[in-house]
């Protein structure tokens with residue numbers, strides 16, 4: 001186990017290594033690398049490696065999978081930021097991918113990452129054996145696709161237009177729960193589950209870690225919803241205040257800031273209890289929780 | 001082995017079965033299914049199943065992989081047609097995906113297919129065993145990504161702007177060869193290679209079938225370049241004549257129609273020799289070649 005700073009350093013080094021720069025046509029690899037290597041919290045890869053440790057594995061074995069999930073996360077950011085989606089010009093304090101490389105290359109860079117990420121897993125995790133590797137790829141396809149993060153994104157887009165009218169036959173609070181569960185929590189679940197699978201965790205453990213991923217994901221999204229209203233461009237590196245301006249369906253627009261903070265505190269407390277219940281304690285996961293609390297000042 | 005019509009019927013049935021319609025949020029599955037199930041020649045899945053038969057396997061074992069490659073092909077069409085790419089309004093005689101479902105959903109439907117396709121392979125090909133399945137997924141990630149079809153697309157986009165000035169340090173004929181090899185031939189190679197792998201073909205056979213895929217892919221792209229100038233919207237179901245109007249780098253703009261037809265005839269003759277050289281003959285592949293000839297009237 002490492003601490004957060006050590007993990008981030010390791011992940012950044014590996015992400016840089018994994019994506020080549022000198023392969024023709026260079027534009028596509030440059031565009032992929034640009035967003036993947038923007039400084040970030042690296043929550044998902046840290047979760048993946050820590051989950052592996054929690055269940056008795058070595059974090060080193062989870063490095064390729066952890067980095068692949070960060071690439072997948074970057075892919076969702078590149079496409080989310082496109083003019084036809086959220087139309088954002090800044091991400092992590094830098095111009096978004098399409099602002100630097102053009103829209104066509106940004107679409108293709110995202111597409112390329114969706115194939116590149118599992119390729120990295122397979123290429124650098126051969127020692128795990130075909131059975132386990134296939135299980136990891138299966139998880140990757142499930143949580144990254146139309147049953148996973150994309151389901152959340154589609155619902156999120158629909159919700160922007162018309163959430164007050166019970167679209168999809170769902171009440172706003174049900175729709176919001178669906179969006180949070182998929183748009184954000186699915187990559188957290190994928191990270192924790194694949195780490196656990198690499199360690200050889202059993203089904204019962206997988207269920208537990210999935211529940212933790214759901215809670216952490218929802219908590220993180222609530223904190224993001226809060227920050228959209230309370231933070232600044234300088235602090236967050238992206239344009240904020242859009243949720244309120246567009247009356248978007250978020251935890252804050254639905255329940256208000258105070259209730260959002262209260263709910264966030266409750267979920268994070270539950271997460272701490274769960275993390276402390278595992279045989280091997282994860283200081284890094286507890287640190288992530290402290291980080292979320294600090295972000296929103298609770 | 002089946003004939004072309006029987007294969008197409010089988011593929012259409014399976015594509016329809018594989019993509020569900022009643023899963024929330026329905027929009028994304030509808031958008032995926034829309035483009036995947038537009039009537040098409042189904043060249044790639046037929047190649048995959050026939051390659052499996054050529055090397056002594058049963059085409060039935062290749063059905064999920066064959067259909068997954070057709071889904072991947074549909075993904076490239078959806079994103080290629082986007083306003084920021086080719087900006088096409090019609091595909092196979094119908095409005096393009098973004099015209100029906102909106103740009104955001106079209107981007108996400110394409111993304112979803114990139115995860116859904118390998119998921120289908122894994123879900124329905126368990127009987128092949130983990131080793132072989134992993135090899136197929138590896139091929140899928142290689143040929144679908146930045147080393148494969150996307151490399152061709154990126155070079156194609158760059159070539160639109162500035163191909164007369166030796167971009168990337170390549171002469172126009174070298175650049176064109178790169179584009180054809182990746183943009184079109186890579187999915188042909190993927191189809192033939194995965195079919196062969198399912199059958200248990202050896203390395204030497206894989207090399208041969210890869211060479212056939214390269215030739216067939218280049219031939220098909222040359223025929224497409226010819227048709228862009230000589231065919232009509234009614235015949236092709238998409239807007240034509242854009243290559244000439246935009247002076248795009250194609251086999252026809254570079255060498256002229258007559259030379260393109262001559263080259264096409266030569267390559268297809270080579271393909272026929274190769275196909276006849278395999279121990280088990282593929283009538284369907286020969287039929288595909290006849291179809292290409294007929295398309296352009298040679």
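The values are calculated or read from the model by the stated rules, or taken from the named source; none is laboratory data. In this text, all values refer to a predicted model and were calculated from it rather than measured experimentally. Glycine gets a Cβ as well: all are built from the backbone with ideal geometry, and neighbour counts include every protein chain shown.
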Query raised in the report: Taking residue A:212, is it in a helix (DSSP H, G or I) and touching a residue at least 24 places away in the same chain (Cβ under 8 Å)?
Result: yes
Query raised in the report: Looking at the range A:59-108, which of its residues are away from chain B (no Cβ under 12 Å) and on the phi > 0 side of the Ramachandran plot?
Result: A:92, A:93
Query raised in the report: What tally of residues in the range B:130-152 results from selecting those that are more than 7 Å from every other protein chain (Cβ to nearest Cβ) and free of Cβ contacts under 8 Å to residues at least 24 places away in the same chain?
Result: 1
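Does the range A:185-194 include one or more residues that are assigned to a helix (DSSP H, G or I), out of contact with any strand residue (DSSP E or B) (no Cβ under 9 Å at 6 or more places or on another chain) and facing chain B (nearest Cβ under 9 Å)? It would help to see each step written out before you state the result.
First, the residues of the range A:185-194 that are assigned to a helix (DSSP H, G or I): A:185-194.
Next cut, out of contact with any strand residue (DSSP E or B) (no Cβ under 9 Å at 6 or more places or on another chain) only: A:185-194.
Now narrow it down to the ones that are facing chain B (nearest Cβ under 9 Å): none.
The answer is no, given that none of the residues of the range A:185-194 is assigned to a helix (DSSP H, G or I), out of contact with any strand residue (DSSP E or B) (no Cβ under 9 Å at 6 or more places or on another chain) and facing chain B (nearest Cβ under 9 Å).
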Report summary line: Going through the range A:153-176 in order, the residues found to be more than 9 Å from chain B (Cβ to nearest Cβ) and in contact (Cβ under 8 Å) with a residue 12 or more places away in the chain are A:156, A:159, A:160, A:163, A:172, A:173, A:175, A:176
Query raised in the report: From the list A:45, A:83, which one is touching a residue at least 12 places away in the same chain (Cβ under 8 Å) and touching a helix residue (DSSP H, G or I) at 6+ places or on another chain (Cβ under 6 Å)?
Result: A:45
Query raised in the report: What helices (runs of 4 or more DSSP H), lying completely within the range B:232-298, carry at least 3 residues that are touching a residue at least 60 places away in the same chain (Cβ under 8 Å) and closer than 16 Å to residue B:220 by Cβ?
Result: B:283-296
**Report entry** Test set (1) more than 14 Å from chain A (Cβ to nearest Cβ); (2) closer than 24 Å to residue B:292 by Cβ; (3) in contact with a helix residue (DSSP H, G or I) (Cβ under 8 Å, 6 or more places away or on another chain) - residue B:6 fails condition number
**Finding:** (3)
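For residues that are in contact with a helix residue (DSSP H, G or I) (Cβ under 7 Å, 6 or more places away or on another chain) and on the phi < 0 side of the Ramachandran plot, tally how many sit in the range A:11-42.
Of the residues in that region, 18 qualify.
Hey, does the range A:61-78 have a residue that's more than 16 Å from residue A:114 (Cα to Cα) and free of Cβ contacts under 8 Å to residues at least 40 places away in the same chain? Can you show your working first?
Taking the range A:61-78 as the starting set, the residues that turn out to be more than 16 Å from residue A:114 (Cα to Cα) are A:61-63.
Now narrow it down to the ones that are free of Cβ contacts under 8 Å to residues at least 40 places away in the same chain: none.
No, the range A:61-78 contains no residue that is more than 16 Å from residue A:114 (Cα to Cα) and free of Cβ contacts under 8 Å to residues at least 40 places away in the same chain.
Working only within the range A:13-28, note down all residues that are in contact (Cβ under 8 Å) with a residue 40 or more places away in the chain and either assigned to a loop (DSSP other than H, G, I, E, B) or surrounded by fewer than 24 Cβ atoms within 10 Å (Cβ to Cβ) (or both).
Step one: of the range A:13-28, the residues in contact (Cβ under 8 Å) with a residue 40 or more places away in the chain are A:14-15, A:18-19, A:27-28.
Residues satisfying the conditions are A:14, A:15, A:18, A:19, A:27.
Of all helices (runs of 4 or more DSSP H) completely enclosed by the range A:87-146, which ones contain at least 2 residues that are over 19 Å from the mean Cα position of the chain (by Cα), at pLDDT 95 or above and more than 21 Å from residue B:83 (Cβ to Cβ)?
Details: elements: A:97-101, A:103-124, A:130-144.
Ranges flagged: A:103-124, A:130-144.
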